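Asker: I am attaching a structure below and will ask some questions about it afterwards.
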Amino acid sequence: MNQADSMRKKGQINIVLKKQQQDANPVQSKTFEKVEHTPYQHVERALGELVGLHNMKSFLKEVYAWLYLNKRREECGLLPNQQTLHMVFKGNPGTGKTTVARLVATLFREMGVLEKGHLIEAERADLVGEYIGHTAQKTRELIKKAMGGILFVDEAYSLARGGEKDFGKEAIDTLVKAMEDSQHDFVLILAGYPKEMDRFLSLNPGLPSRFPLKVTFPNYDADELMTIGEKMLSKRQYRLHPLAKEELNHILIHAKSRDEEHFSNGRFIRNLIERAIRSQAVRILEEEDYGKEALMTLTAKDMKLAYKKTIEDE
Ligand SMILES: Nc1ncnc2c1ncn2[C@@H]1O[C@H](COP(=O)(O)OP(=O)(O)OP(=O)(O)O)[C@@H](O)[C@H]1O
Ligand SMILES: [Mg+2]
């Protein structure tokens, strides 16, 4: 068993300090020691790619600082804080919950908190079975897969959908038991729409205290969605014609106001762009202009057509 494992087994969180070597002058090294926060720096770089999400960015910094300081406290013989790292992510679809959960997994792996740092995404159907005993078995299997990483349960409130008699309750009980038995071997993230998550937590009084870390992922405004869209396009080596940008702005305002509550944010813009790219392909085939500029440019017509098809598909 390596050191990280043995500390984990003892219920402690082990953080790998990247620069711990002692200086020749211990007094000076205590005062001026410069620590490279490598695990956080890696995540910070990835966070920099994400538009908005200020809440979440400061949340992650806080979690990192807290874990790091805990380790330093332990080294000084001070009592470490109780560290429960299970989380609730509240947010509408496409607000970046899965993307951020992956980053959390990476951060925890780099800090030695989680051994593997992988992410297992699950929803009700992956946890809940069809007969007595089936649910506990399914849920336990999933937890086993998530050991050393993160188990991310999307639309977690759907586990409480059918009330007392529903097998969903068995899934919740199995999850809670696993959280207690294997406290430091996996992290559970429950995610879903804000209102439904609040209701779910209030109806299960044992749960909130088990999830001390809560983050809200707000809907993106039209400007943020535009920036997300432009980043996605430039990664794919496309760009918007100025009139296409204007059109996209109208589309975003319209789409958001149609159904604010179910608007799918980042997912909406990603799907729209992918459709617009397909519309552009057909248009270019008809226009027969295969120049580099034409191949890269999405027009207002491409955007309009893509949005029309998106609405038709709903
Ligand atoms: N802040 C952001 N900056 C850049 N891209 C983003 C941002 N938020 C989300 N995206 C992009 O939007 C898409 C949806 O994000 P993600 O899957 O993380 O959202 P989600 O909240 O998990 O959605 P769902 O509820 O649908 O599972 C992804 O392609 C992601 O890369
Ligand atoms: Mg998701």
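Condition check ((1) within 16 Å of ligand 2 (Cβ to nearest atom); (2) more than 15 Å from the chain's Cα centre (by Cα); (3) not charged (D, E, K, R)) across all residues:
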site	(1), (2), (3)
62	no, yes, no
71	no, yes, no
90	yes, no, no
100	yes, no, yes
113	no, yes, yes
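Asker: Go through 170, 141 for me and flag whichever is of a type in the set (D, E, K, R) and within 23 Å of the chain's Cα centre (by Cα).
Answerer: 141
Asker: What is the number of the single condition among (1) exposed (fewer than 14 other Cβ atoms within 10 Å of the Cβ); (2) within 16 Å of ligand 2 (Cβ to nearest atom); (3) not polar (S, T, N, Q) that residue 223 does not meet?
Answerer: Of the numbered conditions (1) exposed (fewer than 14 other Cβ atoms within 10 Å of the Cβ); (2) within 16 Å of ligand 2 (Cβ to nearest atom); (3) not polar (S, T, N, Q), the odd one out for residue 223 is (2).
Asker: What do you reckon, is residue 36 assigned to a loop (DSSP other than H, G, I, E, B) and either away from ligand 1 (no atom under 16 Å from the Cβ) or not assigned by TED's automatic domain parsing to the domain that holds residue 159 (or both)?
Answerer: Here the answer is yes, as residue 36 does meet what is asked.
Asker: May I ask you to say which residue of 180, 230, 288 is touching a strand residue (DSSP E or B) at 6+ places or on another chain (Cβ under 8 Å) and free of Cβ contacts under 8 Å to residues at least 24 places away in the same chain?
Answerer: Of the residues listed, the single one that is touching a strand residue (DSSP E or B) at 6+ places or on another chain (Cβ under 8 Å) and free of Cβ contacts under 8 Å to residues at least 24 places away in the same chain is 230.
Asker: Scan the range 98-136 residue by residue and report those that are of a type in the set (Gly, Ala, Ser) and without any contact (Cβ under 8 Å) to a residue 24 or more places away in the chain.
Answerer: If the condition is that a residue be of a type in the set (Gly, Ala, Ser) and without any contact (Cβ under 8 Å) to a residue 24 or more places away in the chain, then 125, 133 are the ones that fit.
Asker: Which numbered condition trips up residue 126, out of (1) in a helix (DSSP H, G or I); (2) modelled with pLDDT of 95 or more?
Answerer: (2)
Asker: Taking the range 84-108, which residues are more than 13 Å from ligand 1 (Cβ to nearest atom), out of contact with any Leu (no Cβ under 8 Å at 6 or more places or on another chain) and assigned to a strand (DSSP E or B)?
Answerer: none
Asker: Ok, one more. If the requirement is being without any contact (Cβ under 8 Å) to a residue 60 or more places away in the chain and within 16 Å of ligand 1 (Cβ to nearest atom), which of these qualifies: 202, 158?
Answerer: Within the list 202, 158, the selection yields 158.
Asker: Quick check on this structure: which one of 60, 47, 69 is assigned to a helix (DSSP H, G or I) and exposed (fewer than 15 other Cβ atoms within 10 Å of the Cβ)?
Answerer: Just a single option satisfies the conditions, and that option is 69.
Asker: I'd like to verify a number: residues in the range 164-193 that are surrounded by fewer than 23 Cβ atoms within 10 Å (Cβ to Cβ), more than 17 Å from residue 128 (Cα to Cα) and touching a helix residue (DSSP H, G or I) at 6+ places or on another chain (Cβ under 9 Å), how many?
Answerer: The number of residues fulfilling the criteria is 6.
Asker: Ok, one more. Does residue 116 qualify as being under 22 Å from residue 196 (Cβ atoms), more than 16 Å from ligand 1 (Cβ to nearest atom) and outside any helix (DSSP H, G or I)?
Answerer: Against the criterion (under 22 Å from residue 196 (Cβ atoms), more than 16 Å from ligand 1 (Cβ to nearest atom) and outside any helix (DSSP H, G or I)), residue 116 does not qualify.
Asker: Among (1) assigned to a helix (DSSP H, G or I); (2) of a type in the set (D, E, K, R); (3) closer than 30 Å to residue 176 by Cβ, which single condition is residue 261 missing?
Answerer: Going through (1) assigned to a helix (DSSP H, G or I); (2) of a type in the set (D, E, K, R); (3) closer than 30 Å to residue 176 by Cβ one by one, residue 261 breaks only (1).
Asker: Take the residues of the range 228-253 that are surrounded by 14 or more Cβ atoms within 10 Å (Cβ to Cβ) and of a type in the set (Val, Ile, Thr): which is nearest to residue 280 (Cα to Cα)?
Answerer: 251
The values are calculated or read from the model by the stated rules, or taken from the named source; none is laboratory data. Here the structure is a predicted model, which means the values were calculated and not measured. Neighbour counts run over all protein chains shown; Cβ positions are idealised from the backbone, glycine included.
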